[in-house]
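Values quoted throughout were computed directly from the atomic coordinates according to the rules given, and no laboratory measurement underlies them. Keep in mind that what you see is a predicted model, and the values were worked out from it rather than measured. Cβ placement follows ideal geometry from the backbone for every residue including glycine, while neighbour counts extend to all protein chains displayed.
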């Protein structure tokens with residue numbers, strides 16, 4: 001098995017770009033981690049679709065990822081197609097991902113140039129709805145808005161929210177807000193977010 005040594009990883013539900021890593025993220029300083037080279041289609045499926053990785057492969061990488069604090073990660077590996085590199089951490093059939101720093105990614109790609117392509121068996125469970133055009137902060141705000149809207153049962157608060165954000169009334173407030181978020185996100189999400197935060201402070 002091939003290994004890569006001394007890299008930093010930040011596992012999340014989405015493989016965020018380095019510039020979107022937050023100060024409070026849990027950063028793993030990896031001493032060594034297994035590396036596999038995959039076909040581009042397989043790497044894309046592993047990142048962009050909900051999958052279940054075959055147990056046979058997971059057994060091969062079990063406790064093979066070591067940290068500098070002498071701890072190990074049960075199931076983790078790097079995968080590359082020779083063009084990009086993504087780190088994977090598998091926990092109870094849930095996969096988290098990390099990108100690498102650019103210089104580390106370049107080194108991995110160079111190292112992988114002489115590797116043979118591996119065949120990881122996996123099952124595609126379903127598609128994942130991920131909008132990579134939205135930044136991490138935008139995704140957080142969108143999730144916050146949807147969660148708060150679900151909690152509002154007071155029609156007066158909904159009326160206030162819609163009037164403040166759109167300067168008009170509506171007979172179907174939630175439907176109209178969801179429509180705006182789906183079709184006009186860039187222009188309305190900050191406004192809705194600020195009004196929701198303001199109503200929370202008033203409580």
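Computed over the chain, the per-residue total of -39500 (n - 2.57) for DSSP H runs of n ≥ 4 gives a 222 nm mean residue ellipticity of -13000 deg cm²/dmol, rounded to 500.
May I ask you to compute the full-extension gain from residue 25 to residue 40, defined as 0.36 nm times their residue separation minus their alpha-carbon distance, rounded to one decimal in nm?
Values: separation 15, 0.36 × 15 = 5.40 nm, distance 2.85 nm.
Length difference between fully extended and current span is 2.6 nm.
Name the shape class, rounded, prolate or oblate, that the alpha-carbon gyration tensor gives for the stretch 1-111, where a ≥ b ≥ c are the square roots of its eigenvalues, rounded holds for a/c under 1.5, and otherwise prolate holds if a/b is larger than b/c and oblate otherwise. Here the stretch 1-111 falls in the rounded category.
What angle, in degrees between 0 and 90 and rounded to the nearest 10, separates the Cα long axis of helix 155-166 from the longest principal axis of the Cα atoms of the chain? Here the helix axis deviates by roughly 80 degrees. Once both labels are positioned 7 Å from their Cα atoms along Cα-to-Cβ, the gap between residue 60 and residue 143 label points is 3.2 nm. Neighbour counts of C-beta atoms inside 10 Å place 198, 1 in the sequence 1, 198, starting with the fewest.
Using 0.36 nm times the number of residues separating residue 50 and residue 91, minus their current alpha carbon distance, what extension gain do you get?
Details: separation 41, 0.36 × 41 = 14.76 nm, distance 1.34 nm.
Stretched out fully, the residue 50 to residue 91 stretch lengthens by 13.4 nm.
Indicate the gyration tensor shape class of the chain (rounded, prolate or oblate), computed on the Cα atoms with a ≥ b ≥ c the square roots of the eigenvalues: a/c under 1.5 is rounded; otherwise a/b larger than b/c is prolate and the rest oblate. Kindly include the intermediate steps, with their values, before the conclusion.
Details: a/c = 2.72, a/b = 2.41, b/c = 1.13.
Since a/c reaches 1.5 and a/b is larger than b/c, the shape of the chain is classed as prolate.
Indicate the gyration tensor shape class of the stretch 139-203 (rounded, prolate or oblate), computed on the Cα atoms with a ≥ b ≥ c the square roots of the eigenvalues: a/c under 1.5 is rounded; otherwise a/b larger than b/c is prolate and the rest oblate. If you can, show how the numbers build up before the last one.
Numbers: a/c = 1.43, a/b = 1.07, b/c = 1.34.
Verdict is rounded for the stretch 139-203.
A straight line joining the Cα centroids of the stretch 168-189 and the stretch 20-41 runs 37 Å.
Among 163, 58, 100, the largest mean-square fluctuation in a Gaussian network model of the chain, built with springs joining Cα atoms closer than 10 Å, belongs to 163.
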